[in-house]
Amino acid sequence: MIMFNLNNKVAIVTGGSRGIGKAISLKLAQNGAHVAITYLGSEKKAMNVCNEIKKLNRKCKAFCCNVADFDDTKKVIDGVIKEFGTIDILINNAGITGKVSLAFLLNSDDFDAVINTNLKGTFNMCRHVYPIFVKNHTGKIINIASVAGISGMAGQAIYSASKAGIIAFSQSIAKELASRGITCNAIAPGFIETDMTANVKDSTKDSIPVKKFGSPEDVANLAVFLASSDSDYITGEIIKVDGGLNI
Ligand code: NAP
């Protein structure tokens, strides 16, 4: 169902092969956008997402990219410009939880893996898209954070820190870019039904006021609004999609 006018806008969604990124990619296309997605290991799934988008008569191309790698992300931005001509919307969605463990039982590599993918990956993509958005004097950046980045989560200290970093980064660049016509907002999901939460106990639902996990589409609905001109006066916001978990 078309809700927002994203007709012929060009969007990039990192981690568009599965879960929340897939739902956002499809919803952007349903609302008229052409979509470039990135993936790391799930090539086949990424191609399937592309095929679904093409059936909507929207352009799609999948790029293999490790978002933690500065040069890799630059290649993606260059590739999207070559293929699509411009970029209007950047959704930084790719992320990992890392090991679930008490923080002080983890090592340096565990720390680097999560911070480099989640926080540095977000920086890398924003850094390379920045000159394009500034030149166009318009652009929408939507970063997928987490409620864990707002109030922390036992067993996921590094993940929570990476998401808190994304929140502060989003607020900071929102201040830096506002006068250039660029908005940056973050979405903080609670428990969303994807591969990432496959091992979360069913009883966790009892702690959520609405008593159920969210769907990837619940997050995508907000993402397309934040990607549209209907949200032009909203920037630097951290919006929870968590069924009341973090009230
Ligand atoms: P998911 O199903 O595990 O999917 C993760 C996506 O990120 C995949 O497309 C994966 O690509 C990609 N990815 C992982 N590491 C990457 C890397 N180094 N470079 C490029 N792509 C990489 O996760 P999800 O649940 O959809 O989560 C999406 C985002 O929402 C994450 O940032 C996550 O932290 C956040 N979030 C999720 C929840 C939840 O409950 N699910 C809650 C709060 C926040 P491949 O498949 O190609 O490897």
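The values are calculated or read from the model by the stated rules, or taken from the named source; none is laboratory data. From a predicted model like this one, the values you see are computed outputs, not experimental measurements. Using ideal geometry, Cβ is built from the backbone for each residue, glycine included, and neighbour counts are taken over all protein chains shown. We work out accessible area using only protein heavy atoms, side chains counted, and drop any ligands, DNA or RNA first. Shrake-Rupley method; radii C 1.70, N 1.55, O 1.52, S 1.80 Å.
Annotations for the structure displayed:
- Report summary: the helix-based calculation at 222 nm, which adds -39500 (n - 2.57) for every DSSP H run with n ≥ 4 and divides by the residues of the chain, gives -12500 deg cm²/dmol.
- Based on protein heavy atoms only, the chain ends up with 48 Å² per residue of surface accessible to a 1.4 Å probe.
- Relative compactness, the chain, computed as alpha-carbon Rg over 2.2 N^0.38 Å: 0.95
- With the simple spin-label model, which puts each label point 7 Å out from Cα in the Cβ direction, the Asn51 to Arg127 separation comes to 3.7 nm.
- Summing Cβ point charges (Lys, Arg +1; Asp, Glu -1) relative to the Cα centre of the range 54-106 gives a dipole of roughly 360 debye.
- Here the range 10-241 exposes an accessible surface that is 53 percent carbon and sulfur, computed with a 1.4 Å probe and the other protein chains kept in place.
- Legend: calculated FRET efficiency, Ser229 to Met153, from the Cβ-Cβ distance at R0 = 25 Å, rounded to 0.05, equals 0.10.
- Of interest is the spacing of the C-alpha centroids, which for the range 139-159 and the range 15-44 amounts to 20 Å.
- Aspartates and glutamates whose Cα lies under 12 Å from that of Lys201, excluding same-chain neighbours fewer than 8 positions away: Glu193
- Label zone at Lys59 (point 7 Å along Cα-to-Cβ), backbone N below 18 Å, the range 73-93: 75-91
- D by Stokes-Einstein for the range 100-204, Kirkwood Rh over Cα pairs, 37 °C, 0.692 mPa s: 219 µm²/s.
- Sequence ranges 158-166, 58-66, ranked by mean other-Cβ count within 10 angstrom, highest first: 158-166, 58-66
- From phi via Karplus (6.51, -1.76, 1.60), per-residue ³J(HN,Hα) for the range 16-30 in Hz, x at Gly/Pro: x, 7, 8, x, 5, x, 5, 4, 5, 4, 5, 5, 4, 5, 4
- Restricting attention to the range 49-200, lysine pairs at least eight places apart or on different chains and with alpha-carbon atoms under 17 angstrom apart total 12.
- Choice from Ala198, Ala220, Ala29 with maximal GNM fluctuation in the chain (Cα, 10 Å cutoff): Ala198
- The residue list Ser151, Leu26, Val76 was ranked by how far each Cα lies along the charge dipole of the range 10-241 toward its positive end, using unit charges on Cβ atoms, and Leu26 comes out on top.
- Note on Asp78 and Leu105: the extension gain reaches 5.7 nm, defined as 0.36 nm multiplied by sequence separation minus the Cα-Cα distance.
- Calculated from backbone phi, Karplus (6.51, -1.76, 1.60) coupling profile of the range 149-161 in Hz, x at Gly/Pro: x, 9, 10, x, 8, 4, x, 9, 5, 6, 4, 4, 5
- Between amide H atoms placed 1.01 Å from N, distances below 5 Å from Val241 occur with Ala188, Gly190, all of them 5 or more places distant or on a separate chain.
- Whole-Hz ³J(HN,Hα) from phi, Karplus 6.51 cos²θ - 1.76 cosθ + 1.60, for the range 230-240, glycine and proline x: 5, 10, 4, 8, 10, 8, x, 8, 10, 10, 7
- Cysteines without a disulfide-compatible partner [the chain; Cβ-Cβ under 4.7 Å]: Cys64, Cys65, Cys126, Cys184
- Largest-first ordering by accessible area, 1.4 Å probe, given options Glu176, Glu52: Glu176, Glu52
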